[in-house]
Amino acid sequence: MNQRTSAFINAAAVTRNYKVSPRLDYRTVTGVNGPLVILDNIKFPKYAEIVNLTLGDGTQRRGQVLEVSGTKAVVQVFEGTSGIDAKKTHCEFTGDILRTPVSEDMLGRVFNGSGKPIDKGPPILAENFLDIQGQPINPYMREYPEEMIQTGISAIDTMNSIARGQKIPIFSAAGLPHNEIAAQICRQAGLVKHKDTKDESDDNFAIVFGAMGVNMETARFFKQDFEENGSMERVMLFLNLANDPTIERIITPRLALTAAEYLAFECQKHVLVILTDMSSYADSLREVSAAREEVPGRRGYPGYMYTDLSTIYERAGRVKGNGGSITQLPILTMPNDDITHPIPDLTGYITEGQIYIDRQLHNKQIYPPINVLPSLSRLMKSAVGEGMTRKDHADVSNQLYACYAIGKDIQAMKAVIGEEALSADDKIYLEFLDDFEHKFLAQNIYESRDIFTSLSIAWDLLSKFPKHLLKRIPEKIKKEFYGRPNIAKMRGIDGETIDLDEKKSNQEIIELDDNDGIEEINDGDEMNLD
């Protein structure tokens, strides 16, 4: 017996279901409506019970009881109802809810939207079988997220800082680079590294990626990106593609989150969960609701969509006394760039902020095109400041917001009254507006800026203003940071320190160091952040 055959036998032994035997088998399908199958004369059907359907040609499909009325049961079929013949299909009621096998060995594997391996690897040797609905975290046992995740993206780290255990969605639209931003966050995410400190959790980090209704190009992009940066062995992918059954999208995010909860709370890992596209999930929810002939809510979406979305988003967080965490980064595409659409609208009520991808910035060739004005991180206040990032972080963020908002207003006013009517201060704001977008927001897709570099760039931009215009920054902070050179030394790719008076054009500058104060720069030395 070879090793592969042995693995299959062991897997069969582990994954066998001993719940109810013998099981009741019915051939009483009375109708098929969209993704739903209606059965009659069922003895003691249970809500959320799993049903195995065998078609006339022997094909096996799985479904779940959605509704029970006396001896009638409505079953949603995860693989779709195409090809189901009411006379030839027989249904087996398992007496159990939908559980998924979980194991640490799932890292590095690729699964379909139903949780079955599609990477030509062996079946999963389950360490446990968990309910895909999860177990709600007791609010008393929740630990408040306070550790900032450094993403290497200035617009996020400086102005919308993400805490470990937070749920923060990316609001995007068709044609915008939300996938590239999510992949960049996966590559670069880690705790803030102060001088002479090491993030011990770097080796204890995992990514769970759940795709719903995406095209093959998007799935291939993420898989290839994980493989190229060497992180595939700590990534788990659940892929429901655009040509897969729509109904399957309802369970895909729950399978991904169940696996993430096991890794976080049983294996003590810090897990980043990326779910894309939540708009496809909501559309499949609407399809099921329409098939059940429920009263529709706004734009045809079911009235319970808020509750349903919360059962996904609220599965992020930290637990007291547990070393693991789940940070959620759902991606949703706003139909017609409409932020008032029910999907982003309800998502914003549940999550702890949002990152807004802007089409106008994208058209200006600015990457990442993150519009900081509608973006928000509600947990930023607890994750920044002295001892966590730097004492001027919150004040600099507030001042950048204020200056950018004023600059936008002046830009709109300039279109009406002309540039000649603007004051000297107004022209400074306009200059800041352009510099902010092209020097602070814009960065290379493979550029990772630490928070101290981002703050240094911010101070360089704010120093263009007279002190009296920086009203959001206390005098004490201005006295320490305003107008002083914020960057004193640079490192090349090999980590070697480069003195400012040396000319090393053959080295690419990738990191600017400003952790513990500021060193003096000799007269005549010039720095250009461009």
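The numbers here are math on the coordinates, done by the rules we state, and not lab data. The structure presented is a predicted model; accordingly, all values stated were derived computationally and were not measured. Here Cβ is always computed from backbone atoms with ideal geometry, including for glycine, and neighbour counts include all displayed protein chains.
Using the per-residue mean of other Cβ atoms lying within 10 Å as a proxy for protection, in what order, highest first, do the peptides 471-482, 313-324, 234-245 fall?
234-245, 313-324, 471-482
³J(HN,Hα) across region 404-414 via Karplus (A = 6.51, B = -1.76, C = 1.60, θ = phi - 60°), whole Hz, x for Gly/Pro?
Whole-Hz 3J(HN,Hα) from phi for region 404-414: 5, 5, 5, x, 5, 5, 5, 4, 5, 5, 4.
Indicate the gyration tensor shape class of region 391-454 (rounded, prolate or oblate), computed on the Cα atoms with a ≥ b ≥ c the square roots of the eigenvalues: a/c under 1.5 is rounded; otherwise a/b larger than b/c is prolate and the rest oblate.
In terms of gyration-tensor shape, prolate.
Let's test the formula: R0 of 35 Å, r as the Cβ-Cβ distance of Leu373 and Ala242. What FRET efficiency results, to the nearest 0.05?
0.60
Of the listed peptides 271-283, 111-123, what is their order by residue-averaged count of other C-beta atoms within 10 Å, with the highest listed first?
271-283, 111-123
Alpha carbon centre of region 100-116 versus region 370-448: separation in Å?
Cα centroid of region 100-116 versus Cα centroid of region 370-448: 43 Å apart.
From the residues Val68, Ile162, Ile350, which one has its Cα farthest along the dipole of the chain in the positive direction, the dipole being from +1 and -1 charges on Cβ of Lys/Arg and Asp/Glu about the Cα centre?
Val68
Which of rounded, prolate or oblate describes the chain when judged by the alpha-carbon gyration tensor and an a/c cut-off of 1.5?
Prolate shape, in that a/c is at least 1.5 and a/b is the bigger ratio.
Grab the DSSP H runs of the chain that are 4 residues or longer, score each as -39,500 (n - 2.57), total them, divide by all residues and round the 222 nm result to the nearest 500 deg cm²/dmol.
After summing the helix terms and dividing by the residues of the chain, the value is -9000 deg cm²/dmol.
Can you give the angle from 0 to 90° between the axis of helix 3-15 and the longest principal axis of the chain, with both taken from C-alpha atoms, to the nearest 10?
Taking Cα atoms only, the helix is inclined about 80 degrees.
Grab the beta carbon distance between Tyr446 and Asn204, set R0 = 25 Å, and tell me the FRET efficiency rounded to 0.05.
Working from the Cβ atoms, E equals 0.55.
Among the listed pairs Lys120/Lys193; Lys223/Lys364; Lys439/Lys478; Lys193/Lys414, which are separated by more than 32 Å between their Cα atoms?
Beyond 32 Å between Cα atoms: Lys120/Lys193; Lys193/Lys414.
In debye, nearest 20, what is the charge dipole magnitude of region 112-172 about its Cα centre with +1 on Lys and Arg Cβ and -1 on Asp and Glu Cβ, if you could check?
The dipole of region 112-172 has a size of about 220 debye.
Starting with the fewest neighbours, write out Arg254, Arg27 ranked by other beta-carbon atoms found within 10 Å of each beta-carbon.
Result, fewest neighbours first: Arg27, Arg254.
Could you tell me the calculated FRET efficiency between Asp409 and Tyr349, based on Cβ-Cβ distance and R0 = 25 angstrom, to the nearest 0.05?
Efficiency, from the Cβ-Cβ distance: 0.35.
As a test, work out the antiparallel percent of DSSP beta bridges whose residues both lie in the chain, rounded to the nearest 5.
60
Would you pull out the residues with amide H under 5 Å of Asn112's amide H, same chain only if 5 or more places away, H placed 1.01 Å from N?
Here Ile118, Leu239 satisfy the definition.
Using square roots of five times the C-alpha gyration tensor eigenvalues, list the equivalent-ellipsoid semi-axes of region 19-96 in whole Å, biggest first.
Computed over region 19-96, the values are 17, 14, 12 Å.
Placing unit charges on C-beta atoms (Lys and Arg positive, Asp and Glu negative, everything else neutral), compute the dipole magnitude of the chain about its Cα centre in debye, rounded to 20.
It comes to approximately 2480 debye.
Once you put a point 7 Å from the Cα of Glu419 and another 7 Å from the Cα of Val295, both along the Cβ direction, what distance in nm separates them?
5.9
Quick one: which residues, 5+ away or cross-chain, put their amide H under 5 Å from the amide H of Ile162? H built at 1.01 Å from N.
Counting only residues 5 or more places away or on other chains, the set is Ile149.
Taking the Cα centre of region 308-431 as origin, sum charge times position over the Cβ atoms of Lys and Arg (+1) and Asp and Glu (-1), and report the length of that vector in debye to the nearest 20.
In total the dipole reaches around 580 debye.
Would you please put 423-432, 341-350 in order of how densely packed they are, using the mean number of other Cβ atoms within 10 angstrom per residue and starting with the highest?
341-350, 423-432
Give the angle, between 0 and 90 degrees and rounded to the nearest 10, that separates the Cα long axis of helix 252-265 from the longest principal axis of the Cα atoms of the chain.
Helix 252-265 sits roughly 70 degrees off the main axis of the chain.
Give me log10 I(q)/I(0) at q = 0.32 Å⁻¹ for region 133-173, Debye formula, one equal scatterer per alpha-carbon, no solvent.
For region 133-173, the Cα-only Debye profile gives -1.15.
Skipping prolines and chain starts, which residues have an amide H placed within reach, meaning under 5 Å, of the one on Ser325, given they are 5 or more residues away or on another chain?
Answer set, sorted by chain and number: Lys269, His270, Val271.
Report ³J(HN,Hα) in whole Hz for each residue of region 474-483, in order, from the Karplus equation J = 6.51 cos²θ - 1.76 cosθ + 1.60 where θ = phi - 60°; Gly and Pro get x.
Taking θ as phi minus 60°, the curve returns x, 4, 4, 6, 4, 4, 7, 10, 5, x Hz for region 474-483.
Enter the angle in degrees (range 0 to 90, nearest 10) between the Cα long axis of helix 278-291 and the first principal axis of the Cα atoms of the chain, meaning the one along which they spread out most.
Helix 278-291 and the main axis of the chain meet at about 30 degrees.
Shape of region 362-485 from its Cα gyration tensor (a ≥ b ≥ c, root eigenvalues): rounded if a/c is under 1.5, otherwise prolate when a/b > b/c, or oblate?
oblate
Would you mind computing, in nm to one decimal, how far apart the modelled labels at Arg27 and Glu386 are, each placed 7 Å from Cα along Cα→Cβ?
Once both label points are built, they end up 8.0 nm from each other.
Using Cα pairs closer than 8 Å and at least 6 residues apart in sequence, work out the relative contact order for region 19-96, in percent.
Value for region 19-96: 42 percent.
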